[in-house]
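Working notes, structure below.
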Amino acid sequence: MTEARGSTTRVDAWTEMRDAITTRAVLVMLGVLLLQLGFALSYMGAFHAPKPHRIPLTLVAPRAVEADLVTRLNALPGEPVHVTAVETREQARARLLERKTDAVLIVAVTGRTDTLLVASAGGTSAADAAAKIVATVERAENRALTVRDIRPPAKGDARGLSSFYLVLSWTIGGYLAASALNMAAGSKRPTLRRSIVRLAAMLPYGFLSGIGGAIIVGPVLNCLPGAFWELVGIGTLVVFASGAVGVALQSLAGTVGLGLTILIFTILGNPSSGGVYPSSLLPRFWGAIGQALPPGAGTTVVRNTVYFDGANTTGALWILGAWAFGGIVVALGAAALRGRQARPRPAPAAATTV
């Protein structure tokens, strides 16, 4: 009797475990594991060994040494810098503030002390790397180097990372809001009307997110002072782009769509964004994709708007707009196609006999 009861208990426990761990649950856990491993691979792959490659460097030097110096700097092992020569200090300084270069080397006409101009608000890692490379070359030439930072980050933004973290919060908030709308509807694939409503809901959500982020980095923490309403507008666009892509991918693939959104925005987008290391310090893959994804484009727009009067932001704004527009098109297109397929077909007319 006791043995039979124990056998029944084991059967019940096995049945309960099978009910709890369904095939769907196993597949979901496998998907989470893949995202987890992808997260580790992407971040450590991008950050574990930053190595300079073709850091943009502008040179101002006497004509007698200019060509030779450009050739020697561009021929350094591993191509750590890519040098462009200009005629005057004013042109070089303008290139630096317009974000066309990461550093400016000014070779003294007399004496043996040269000057390196950097703008570390555009990224301290690139400025530091350029300074180390040039200092090594100067020591080999038995020359001295003075480094001047003409556009440092704000006091509350010591390493210049606030732009990156602000955009990170906006992108995650956007696709999580889209996921929340999907779960609130029971994870059902949305109809065309629901897709329109969800996309429309992302606009006020994005606007509130933009205001909240601008308040935090401005009046609250003083990380990115100034440009309040510009940041609100950028935040609205970033959140809407992230949310629209989230709506689109979940409309296409259901719960799997959330994983795809995390893959695009967090696993691939964040380490390649240029927030921590610029593309010139990242491995080729991450350096190539960074500015084509919303986190990279968003970080560039925020940083250049706050510190460089909006210089060199047009391309990044187009990228954000393209992702937002693409999300709208895919979300509405998928819902419309699904609605057309679900529409009942008229029964064929009965054949009539004469």
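Near G122, within a Cβ-to-Cβ distance under 15 Å, what is the net charge of the other residues, with Lys and Arg +1 and Asp and Glu -1?
+2
With the Cα gyration tensor of the stretch 55-149 giving a ≥ b ≥ c as the square roots of its eigenvalues, does the rule (a/c under 1.5 for rounded; else a/b larger than b/c for prolate; else oblate) give rounded, prolate or oblate?
Since a/c stays below 1.5, the shape of the stretch 55-149 is classed as rounded.
What number of lysine-lysine pairs in the chain show an alpha-carbon separation below 29 angstrom, given a sequence spacing of 8 or more or placement on distinct chains? If you can, show how the numbers build up before the last one.
On the way: K51/K100; K51/K132; K51/K155; K100/K132; K100/K155; K132/K155.
Summing the qualifying lysine pairs gives 6.
Points 7 angstrom from Cα along the Cβ direction at R151 and K132: gap in nanometres?
2.4
Test of the criteria: in the stretch 127-190, which trypsin sites (Lys or Arg not before Pro) are in a DSSP loop and have at most 14 other Cβ atoms within 10 angstrom of their Cβ? Please report the intermediate quantities before stating the final value.
On the way: sites: K132, R139, R143, R148, K155, R159, K188; in loops: R143, K155, R159, K188.
The qualifying sites are K155, R159, K188.
Step through the residues of the stretch 87-97 one at a time and calculate ³J(HN,Hα) from phi using the Karplus curve (6.51 cos²θ - 1.76 cosθ + 1.60, θ = phi - 60°), rounding each to whole Hz and writing x for Gly and Pro.
7, 10, 5, 4, 4, 5, 4, 4, 4, 5, 6
What list of ³J(HN,Hα) couplings, whole Hz, do you get for the stretch 130-144 from phi and the Karplus terms 6.51, -1.76, 1.60, once you set θ to phi - 60° and write x for glycine and proline?
For the stretch 130-144, the Karplus curve yields 4, 5, 5, 5, 5, 4, 4, 5, 5, 4, 5, 8, 6, 10, 9 Hz.
The stretch 46-104: which GluC sites (Glu not before Pro) are DSSP loop and have at most 13 other beta-carbon atoms within 10 angstrom?
Working: sites: E66, E87, E90, E98; in loops: E87, E98.
For GluC sites (Glu not before Pro) across the stretch 46-104 that sit outside H, G, I, E and B with at most 13 neighbouring Cβ atoms in 10 Å, the list reads E87, E98.
Output the peptides 50-57, 225-232 sorted from most to least packed, where packing is the average of other Cβ atoms within 10 Å over each peptide's residues. Walk me through the intermediate numbers first.
Working: 50-57: 18.9, 225-232: 16.6.
Packing proxy ranking, top to bottom: 50-57, 225-232.
Sort the stretch 162-342 into rounded, prolate or oblate with this rule: let a ≥ b ≥ c be the square roots of the eigenvalues of the Cα gyration tensor; rounded if a/c is under 1.5, and if a/c is not under 1.5, prolate when a/b is larger than b/c, oblate otherwise.
Values: a/c = 2.21, a/b = 1.59, b/c = 1.39.
Cα axes put the stretch 162-342 in the prolate bin.
We did not get these values from a lab; they are worked out from the coordinates using the rules stated. Owing to the predicted nature of the structure, the values given are computational and were not obtained by experimental measurement. Don't worry about glycine lacking a Cβ; one is built from the backbone with ideal geometry, like all the others, and counts go over all protein chains shown.
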